[in-house]
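Derivation of every value follows stated rules applied to the coordinates shown; laboratory data play no part. Bear in mind that the values here come from a model prediction, so they are computed numbers and not experimental data. No Cβ is skipped: glycine too gets one built from the backbone with ideal geometry, and neighbour counts run over all protein chains shown.
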């Protein structure tokens, strides 16, 4: 499964950013028809706004992706100690180039698996997980590792596809996106996500737009 995921992101690296940011007519049409008109740019801005620009603690960004949404934010977060983790070397290469291009020096990028992260317990004040939880092969392990490495009182910030909100999105996720390796079933619904979070987190914000969920949750 991991090899399939890595191959899928190698294949998509040249159009990945355009697809997410809706810079092309076809990506705007895709989001309108499939995802209920969701604007990933606006969701990313909302999620990132939950992190203060003057934050000076330790943060994990997993998966860091190409940093297409985060580079400008990280440029303002000069006091933060940030680690960017991703399974895909191709995504990491593009993120590193973007950080270098923007003069961002306070982020360390590394290849790794969210289901077996090489970090101590209670390591991070924030864990950012954008467009990741619908991709991770073992979602139970991913949630467990995120919980383990997040400090008590630390916050998990996430946005991702959820099932049960848009029929055409569900169909595409189960067929094309899964077959290509960009998405990995089984997929959580909004209620599934709440059941995962509520025993361990105080949910501070929980929003559904189209087939996307974004939330902010504090570890108890």
Select from 84, 132, 164 the residue whose mean-square fluctuation is largest in a Gaussian network model of the chain (Cα-Cα springs shorter than 10 Å).
164
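With r as the distance between the Cβ atoms of residue 121 and residue 167 and R0 = 41 Å, compute the FRET efficiency 1/(1 + (r/R0)^6) and round to 0.05. Present the calculation step by step, with values, prior to reporting the outcome.
Working: r = 41 Å, r/R0 = 1.00.
After rounding, the FRET efficiency stands at 0.50.
Would you mind calculating the relative contact order of the chain from Cα pairs under 8 angstrom and at least 6 residues apart, reporting the percent as a whole number?
On the way: 407 pairs, mean separation 45.9, N = 220.
Rounded, it is 21 percent for the chain.
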Between the modelled labels at residue 89 and residue 71 (7 Å from Cα along Cα→Cβ) the distance in nm is 2.2 nm
If the elastic network links every pair of Cα atoms under 10 Å, which of 172, 156, 60 fluctuates the most in the Gaussian network model of the chain?
172
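If you restrict to DSSP beta bridges whose two residues both lie in the chain, what percentage is antiparallel, to the nearest 5? It would help to have the intermediate numbers written out before the result.
Values: 15 of 34 bridges.
Counting only bridges with both partners in the chain, antiparallel ones make up about 45 percent.
Which length gain, in nm to one decimal place, applies between residue 176 and residue 190 when the Cα-Cα distance is subtracted from 0.36 nm times their residue separation?
Working: separation 14, 0.36 × 14 = 5.04 nm, distance 2.20 nm.
Stretched fully, the residue 176-residue 190 segment lengthens by 2.8 nm.
Could you tell me the calculated FRET efficiency between residue 111 and residue 218, based on Cβ-Cβ distance and R0 = 41 angstrom, to the nearest 0.05? Display every interim value, and only then the final one.
On the way: r = 29 Å, r/R0 = 0.71.
Efficiency, rounded to the nearest 0.05: 0.90.
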Separation of the stretch 46-79 and the stretch 97-115 by C-alpha centroid, Å?
11 Å
Between residue 28 and residue 203, what FRET efficiency comes out of the Förster formula 1/(1 + (r/R0)^6) with R0 = 30 Å and r the beta carbon distance, rounded to 0.05?
0.45
Beta carbons within 10 angstrom, averaged per residue: use that to sort the peptides 62-68, 142-148, highest first.
62-68, 142-148
